[in-house]
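Take a look at the structure below.
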Amino acid sequence: MGRPPARRTDVSISLEVVVADITTLDLDAIVNAANSGLSGGGGVDGAIHRAAGPQLAPAARAAGPCPPGHAVMTPGFRLAARHVIHAVGPIWSGGDRDEDELLASCYTRSLDLAGSAGLATIAFPCISTGVFGFPKVRAARIAFDTVSREAPRHGSLERVTFCCYSVSDAAIYRRLMEDSTLDT
């Protein structure tokens, strides 16, 4: 945690990697790795629901249900972030059920919601890599490639943060960022 965030800037969009508790980030929006019922399960989803307070559950239910690959936005309530974008990632089933496309869609749709709302800052957790079982390196590559391609389409976006809970997850994203700078 003492290491400074990795940064890369493309078309005035700053991409960064941090190791942190996503519920503590003071941004326009944080993304929740949600379940289809938007009901506040375990992992990131449960942590966001607990930190946001009891108002989040009814707001999320009113916005849902939400199928895999889609996203909806609610207020952040007690969070430092002003909005929560609930993105439903796919459950890993071996890669033969459009999991890659559904995961990419989570990132695209979340960025679309942020851009439509005129938001400048957003943070993503490692969607689908916990209990949903998506392979971490594969998921990180999809996340990084999708965000790198899609974020610049939204004029209001200034900074996208990949918020990792562990140093090992952050190392995957940092490697992707370093490799992408070598390609340019």
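Considering the conditions (1) surrounded by 21 or more Cβ atoms within 10 Å (Cβ to Cβ); (2) of a type outside the set (D, E); (3) assigned to a helix (DSSP H, G or I), G115 is excluded by exactly one of them, (1). When segment 20-46 is filtered for residues that are under 14 Å from the mean Cα position of the chain (by Cα) and either charged (D, E, K, R) or surrounded by fewer than 20 Cβ atoms within 10 Å (Cβ to Cβ) (or both), the ones remaining, listed by number, are A20, D21, L25, D28, G43, D45. Looking across segment 129-171, the residues that are out of contact with any strand residue (DSSP E or B) (no Cβ under 8 Å at 6 or more places or on another chain), assigned to a helix (DSSP H, G or I) and either of a type in the set (V, I, T) or under 19 Å from S116 (Cβ atoms) (or both) come down to V137, I142, T146, R149, E150, R153. Residue count for segment 118-128, restricted to those that are surrounded by fewer than 24 Cβ atoms within 10 Å (Cβ to Cβ) and assigned to a loop (DSSP other than H, G, I, E, B): 3. A single member of S110, S166 is surrounded by fewer than 23 Cβ atoms within 10 Å (Cβ to Cβ) and in contact (Cβ under 8 Å) with a residue 60 or more places away in the chain, and it is S166. Look at (1) among the basic types (K, R); (2) at pLDDT 95 or above; (3) outside any loop (DSSP other than H, G, I, E, B) and you find that R78 fails only one, number (3). Residues of segment 172-184 that are assigned to a helix (DSSP H, G or I) and out of contact with any Lys or Arg (no Cβ under 8 Å at 6 or more places or on another chain): Y173, R174, R175, E178, D179, L182, D183.
When residues in segment 83-98 are screened for being surrounded by 13 or more Cβ atoms within 10 Å (Cβ to Cβ), assigned to a loop (DSSP other than H, G, I, E, B) and not charged (D, E, K, R), 4 of them pass. Taken together, the residues in segment 121-151 that are of a type in the set (S, T, Y) and touching a Phe, Trp or Tyr at 6+ places or on another chain (Cβ under 7 Å) amount to 2. State which residue is modelled with the lowest pLDDT when the search covers only segment 24-57 and only residues that are among the β-branched types (V, I, T) and within 19 Å of L113 (Cβ to Cβ). Among those residues, the one meeting the criterion is V44. When G155 is tested against (1) modelled with pLDDT of 95 or more; (2) surrounded by fewer than 19 Cβ atoms within 10 Å (Cβ to Cβ); (3) under 26 Å from R174 (Cα atoms), only condition (1) is not met. Scanning segment 47-67 for residues that are crowded, with 22+ Cβ neighbours inside 10 Å and over 30 Å from E178 (Cβ atoms) yields H49, A52, L56, A60.
The values are calculated or read from the model by the stated rules, or taken from the named source; none is laboratory data. A quick note: this is a predicted structure, and the numbers were derived from the prediction, not measured. A quick note on method: Cβ atoms are made from the backbone with ideal geometry, for glycine too, and the neighbour counts reach across all protein chains shown.
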